[in-house]
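Undergrad: Below is a structure I'd like to ask you about.
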Amino acid sequence: IKKMFQSKNLTVNRLIEICEIMGIGLDDLIEAGKSPIVKKLRLNKQQNSFFAKQPNYFLFFLKLLYEGASVDEIAAEHGFSDQEIFRFLKRLDDLEFIKLKSHNQFDSLYENPIHIESTGEDLESLKLELVSEFSKTVSRERSKNSGRLGAATFHLSEDQAENFKRDFLGFLDQYMRTSRANKVLSKRENLLKVSLTFATAQGSLVRKIGKP
């Protein structure tokens, strides 16, 4: 298949042949490459308020639209019934994140945003708790060489700091696109789920040192 993609004579018929081999539609192949990456998703007041009161719905939202897990994967991992999945999806439809269709199928209005911007202490605390738990998982996984935990401090000019942020977002954008294409072009069981958390701010990583 790789040689077929690299061929200079890649015709529509050739693309259709590739799709048939891979068991996907031509529309899926085209969509995998053209959809823009949503760099920032800003929750509106209604969305933010609901998620703060119903954190399980926020976690489902993160799993479905932020991580890109399928409904079947979420149901299997967390033991949800079809009716419970429907309740989650119906609420996301009400909040205008998805367009719900029959049999728990849906069209996403947002896909894999790099950053979700929220307001209010309750939701921010939940996000920090998720990052903290993920850091503990990373620490445990380091012994298996499947987790990396580290930090770095840079001394940069204002222009260099802006370039750093732009380049880092470009890095995330690149792998978001790769991830999206993989979900269409590869079998999910052949893909590793790799998660990344990051925090950037001006100032030192070490904020306070107590007296000896």
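The values are calculated or read from the model by the stated rules, or taken from the named source; none is laboratory data. Because the structure is a prediction, the values reported are computed rather than measured. For neighbour counting, all protein chains shown are included, and Cβ atoms are generated from backbone atoms with ideal geometry for every residue, glycine included. Just so you know, the surface numbers come from the protein's heavy atoms only, side chains and all, with ligands and any DNA or RNA stripped out. Shrake-Rupley method; radii C 1.70, N 1.55, O 1.52, S 1.80 Å.
Undergrad: Select from the stretch 148-179 those trypsin sites (Lys or Arg not before Pro) which occupy a DSSP coil region and have at most 15 other Cβ atoms within 10 Å, ordered by residue number.
TA: In loop regions of the stretch 148-179 (DSSP not H, G, I, E or B), the sparsely surrounded trypsin sites (Lys or Arg not before Pro) are Arg148.
Undergrad: Along the Cα→Cβ direction, 7 angstrom out, place labels at Glu73 and Glu129. What is the inter-label distance in nm?
TA: 2.4
Undergrad: Kindly write out, for the stretch 63-78 in residue order, the coupling ³J(HN,Hα) from the Karplus curve 6.51 cos²θ - 1.76 cosθ + 1.60 (θ = phi - 60°), rounded to whole Hz, with x marking Gly and Pro.
TA: 5, 6, 9, 7, 7, x, 6, 7, 4, 5, 5, 5, 4, 5, 5, 10
Undergrad: Let me ask something else about it. Can you pull the semi-axes for the stretch 98-212, root of five times each eigenvalue of the Cα gyration tensor, sorted largest first, whole Å?
TA: On the way: eigenvalues 194, 75, 70 Å².
The equivalent ellipsoid of the stretch 98-212 has semi-axes of 31, 19, 19 Å.
Undergrad: Can you tally the lysine pairs in the stretch 65-167 where the Cα-Cα distance is under 18 Å and the two residues are eight or more apart, or on different chains?
TA: Final tally of qualifying lysine pairs is 4.
Undergrad: Calculate, for the stretch 76-212, the solvent-accessible area per residue in square angstrom, rolling a 1.4 angstrom probe over the heavy atoms of the protein chains.
TA: Working: 10820 Å² over 137 residues.
That works out to 79 Å² for each residue.
Undergrad: Please report the carbon-and-sulfur percent of the accessible area for the stretch 64-134; probe 1.4 Å, protein heavy atoms only, DNA, RNA and ligands left out.
TA: That share works out to 47 percent.
Undergrad: Starting from the Cα of Lys187, draw a straight line to each of the aspartates and glutamates and keep only those under 15 Å, dropping any in the same chain fewer than 8 residues away.
TA: Leaving aside aspartates and glutamates fewer than 8 places away in the same chain, those within reach of Lys187 are Glu20, Asp28, Asp72, Glu73.
Undergrad: Using only the Cα atoms of the stretch 85-129, what do you get for the radius of gyration and for Dmax, in Å?
TA: Both quantities, over Cα of the stretch 85-129: 12.9, 36 Å.
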